[in-house]
Structure formats: C-alpha cells, structure tokens
Amino acid sequence: MDLTGIAVSVGIVALIGAALALAAFLWAVRTGQFSHEQLRAGGSMIFDDEDQSGRKA
Amino acid sequence: MMGTDIGHADGPQQRIARDNSAASPALLYFASATFWLVLGSLLGAAASLKFNLPDWLSASPTLTFGRIRPAHLNTVVYGWVSLAGAGMVVWMTARLCKTEVRWRSLLYVSALLWNSGVLLGTILLLAGHSNGMEWLEYPLSAALLIAAGFLLFAASMFRTYAARTVQHIYISLWYILAALLWFPLLYLIANAGLYNGVSQAAMNWWFAHNVLTVWVTPLGLAGAYYFIPKVIGRPIYSYAVGLIGFWTFALFYNWNGLHHLVGGPLPTWAVSASIVASILMFIPVTAVALNHHMTAFRHREVVTKSPTLWFVVFGAVSYTVVSVQGSFEATRTVQEVVHFTHYTIGHAHLGVYAFASMILFGAMYYVMPRIVRWEWPYPRLIKAHFWTAGFGIILFFAVTTIGGYLQGRAMIDPSVPFIGSVTVTIPYLWLRTAGGILMAVGNILFAVHVALIILRVGPARIAPAPLEEAGSEVAS
C-alpha cells in the first residue's frame, strides 16, 4: 500500500474512532451520566456491605 | 435489566454471587499472568546483565541479546500486564456493573488462546522469528491467537456491561470500556502488515506508544480509581474532575506516539501535533493526580496499614512522575539528547513497572483473598515484595535516567568519539542490572506468595493482614 492509501485508510479509521468517542460522549450526556445528582453520588457507588463490615485491606 | 439506581449498597448475597461469578476466570488470568511475570523478569535481568558481560551466554543464538530482550518485553506486556489486567477487569466489571459475569465460558477459551499466543510468540522469538518492530515482535501466528483471546474477553465484558443493574458508569468502568475498544483496534491495525518504509516506522511508534497509553494506562488508572477509595472507605477527592480527566485523556493520549520520531523523515506537522498532544496531557494527568493523591493524603493513616494501598499509591505517584516526564521528554529539546539512549528505557520501566505493575500487584493483593477465600499467609513476604520491587525500580529508573542523559550528551558532542558514549554508561549499567535483579527477586517472592495462597498453604489468618501487624499470623 502506498503512502496515500495508508493516509486514507488510517484517516477513515481515525474518523470512525472519533465518531464512536463522540457518540459515547453524547450518549453519556443524554442519559444523565454527568447530571448533578450522578456526579454527587457516583463516587460512592463502589461502597457496599463489605465496606460497612470493616473488611478492607 | 438495568435499573435507575446510581449504585447504593446492596445485600451481601448479591455481592457474593457476583464475586463468585468472576472468581474462576480472574484466578485463571492472575495465575498465568504471575507465571509470565517471573519468566519476563528473568529474561529482563539476563538481558540487562548482557550489557555488563557481553560474552555471557553468547554461544547459543537462542540466548543472545537480540532474542532475549524482545522476549522479555513481550512476555511482560502481553503476558503479565495484559493478563493480570484482564483478571482485575473481570472482577471489577462484575462489581461495578453489579451483576454476575456473563459468557464466562468465553473467558476460559480467551485465557487459553491468549496464553497460547504468548507461549508461541515467545518460543518463536527465542528461535529467531521476529517481526523486528519494537513491541510488535511476535510473529503473526502468535499475534492472531492473542487478538482472538482478547476479542473473546472483550465480548464477555461488554455482555456483562450490557446486563448491568445500575445506571451510573463509575469512572473506572469508563477507562475499562475505552481500553476494551482501543486495544483490539490498535493491535489489529498494527499487525495488518500493510505498511513498509517510513509509514511502517510511523505505525510502529503509533502502536508502541499507544499500547502503553490506551491499554496499559487505562488498566492502571481503572485500578487506582477503584482501590484507593475502596480501601480507604471514602469517595475520591473530586468525582467531576475525574471524569474531565477521563475525557481529556481520551481526546489527547492517542496522538502522542509520533514524538518518538522527532528528527525522522516524517512531515513536521505530524510530529508537532504529537508533541502538542503530549503537552496537553498535563490536563488529564493533573486531574488524575489531584484525585489520587488528595484522596490518599487525606487518609494517609489507612495507606500506611494496607498492603493494597502501599502498592496502588506507589503506582499512582509513579503515574504522575512518568506522565510529567513523558510530556517534557516529547519536546524536541529533550528528545535530541535522550533519544536512542537508556533514558527511554528508564521511562518505559517507570510506566510499565512502577505505575501499572505496582497497581496490578495491589489489585491482586486485594482480590486474591476474596477469590480463594484465604488470607495472604505471610505479611512479611508482602513487605519484602514491596521493598525489593520498589527499591529495584527506583534504582533502575534513577541510573538509566542519569546514565542515559550522559550517554545522549556524549552522542551529540562531535568532539567525543562514539565509544565515549558507551564507556560513560558502564557504571550505570551495573547499577541498572542490580535494580533489575531486585525487581526480579521481588517478583519471585510475589509469585511464591500467590502459589501459597492458591494452594492455601501457610498459617491461616482470621482477618486481612495489615502491614503494621506483620507476623501476627493465627495458627491454623
């Protein structure tokens, strides 16, 4: 494959990747992933009964 | 079915069921990763020793530097880091999605294919069959096995994600999902064999940098964002800043690779764009550093007692150091001195070992007792592992950085013959080998401990082993 062909193919892959990232970001915004409530409570979602029992290390 | 719950606490039975669903696949990944860690460490120590004793083991072509060195690099990245990362991801995904792991049978086949790929690739490398491109040395047959193993692993993880019972995506899961998308794209394009000449060099360094930045790094950051707050028992310092960090990470990081070709026959704009993106990495790195360090610093009394946090916090600090160093290293002023020197080797080890591997060690110290339902039997072994590995990598990094800088200055000085750039590194190369051997010793201690906990050998403990209580084992 010559340099132009590579540039075109890599460019297409890059655009697809960028479109996927943009789609993921827009999906996250639309579904409220960055809403005030989720930003406030999201950091605590990893805690469960195990943490309440005091088993940590 | 996905609920609207952000993710509050649920009952112990559900958590136990989720942990159980992840246990066997995670154990398979962790155990095989530990094997590759030991093999990779020994190959690395041997390769380093050959700088000091060039004739050592030179009679056998299999054991020459040109074969041992890529075997070390590939077993560590595709064997140890990738497989241990996969084990951590399986376990964390079940917890973060609050559901049981789906399509588990794919994970067993994945581990088989992945390990077969690393084994075949390493044998072929030692037999003299190499692609000749750094980080991509495995021949296509081995690369395809690894790619197939990864795709099955990713399929299971995406299916588990799709079945999640919580609406919110925790920040670690963002990094995991991104890495699951990025790595196969990267690996398949790089192994497609479509490139030659200058474009091959550009592709090689696009891949070589990105395999660290969009595969190894997200694994490490996902682990740090989970285990630091989890063990401390408090949320991270600023969750919103953490998310800004993730999205800027996604935006800037994959542009970085071409700074390796400063001075090469590439369009200047391409290299400049890569350098600018490298500098822009200060934004996500600052966000990550703020979160990790402030969370750990505010609860430092917990950090001093937890084996998991010793390793994870060491890794998080190393991430800040390697990232800041990397941004400066990408500039033309620094590159013209340190390129083609041991300095770059020190930088790579800081990323793969001091950052990613230390976080993976910490993750395994947390996860393994929950998988095998047996506490780590010998806290002193954990301490010994930490100090040998930690001191080893600090020594290695310091001497390769100083020695590499002096080497680079000698190389660009027209009044110094080339051999002068070699002799100036000799004392540093001995210390480099000492650092490498220390890391290998630490890794072997870790592997022995992993074997003991899997076999449930040693004193039984009734509770996790804080480091400060080393030696307080309960008799079995």
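The values are calculated or read from the model by the stated rules, or taken from the named source; none is laboratory data. Keep in mind the model is a prediction, meaning the values are calculated, not measured. Here the Cβ is made from the backbone with ideal geometry for all residues, glycine too, and neighbour counts use every protein chain on show.
Points worth noting:
- When residues in region B:149-172 are screened for being surrounded by fewer than 19 Cβ atoms within 10 Å (Cβ to Cβ) and closer than 14 Å to residue B:86 by Cα, 3 of them pass.
- Test: residue in region B:178-196 that is part of a helix (DSSP H, G or I) and over 27 Å from residue B:354 (Cα atoms): yes
- Whichever residue in region B:305-353 is among the hydrophobic types (A, V, I, L, M, F, W, C) and assigned to a loop (DSSP other than H, G, I, E, B) and, among such residues, is farthest from residue B:436 (Cα to Cα): B:330
- Filtering region B:330-348 to residues that are aromatic (Phe, Trp, Tyr) and surrounded by 17 or more Cβ atoms within 10 Å (Cβ to Cβ) leaves only B:343.
- Matching helices (runs of 4 or more DSSP H) fully within region B:362-458 where at least 2 residues are within 19 Å of the chain's Cα centre (by Cα) and either farther than 30 Å from residue B:231 by Cβ or of a type outside the set (Phe, Trp, Tyr) (or both): B:379-412, B:426-455
- Odd one out for residue B:402, checked against (1) touching a residue at least 40 places away in the same chain (Cβ under 8 Å); (2) in contact with a helix residue (DSSP H, G or I) (Cβ under 7 Å, 6 or more places away or on another chain); (3) of a type outside the set (D, E, K, R): (1)
- Within region B:46-58, residues that are free of Cβ contacts under 8 Å to residues at least 40 places away in the same chain and surrounded by 14 or more Cβ atoms within 10 Å (Cβ to Cβ) reach partners that are assigned to a helix (DSSP H, G or I) and among the β-branched types (Val, Ile, Thr) with beta carbons closer than 9 Å, at six or more positions or on different chains, in the pairs B:46/B:68; B:47/B:68; B:50/B:68; B:57/B:68.
- In the set B:327, B:318, B:306, only one residue is surrounded by 24 or more Cβ atoms within 10 Å (Cβ to Cβ), among the polar types (S, T, N, Q) and either away from chain A (no Cβ under 14 Å) or at positive phi (or both); that residue is B:318.
- Flag for residue B:91 being of a type in the set (Phe, Trp, Tyr), within 14 Å of chain A (Cβ to nearest Cβ) and crowded, with 24+ Cβ neighbours inside 10 Å: yes
- Those residues of region B:181-206 which are farther than 17 Å from residue B:77 by Cβ and more than 10 Å from every other protein chain (Cβ to nearest Cβ), in sequence order: B:201
- Failed condition for residue B:175, given (1) crowded, with 17+ Cβ neighbours inside 10 Å; (2) among the hydroxyl-bearing types (Ser, Thr, Tyr); (3) out of contact with any Pro (no Cβ under 9 Å at 6 or more places or on another chain): (3)
- Within the option set B:352, B:416, B:422, being touching a residue at least 40 places away in the same chain (Cβ under 8 Å) and either surrounded by fewer than 24 Cβ atoms within 10 Å (Cβ to Cβ) or under 30 Å from residue B:24 (Cβ atoms) (or both) holds for one residue only, B:352.
- Some residue of region B:38-56 being part of a loop (DSSP other than H, G, I, E, B), at pLDDT below 95 and within 14 Å of chain A (Cβ to nearest Cβ): no
- Total residues in region B:120-168, condition of a type in the set (D, E, K, R), assigned to a helix (DSSP H, G or I) and over 30 Å from residue B:17 (Cβ atoms): 0
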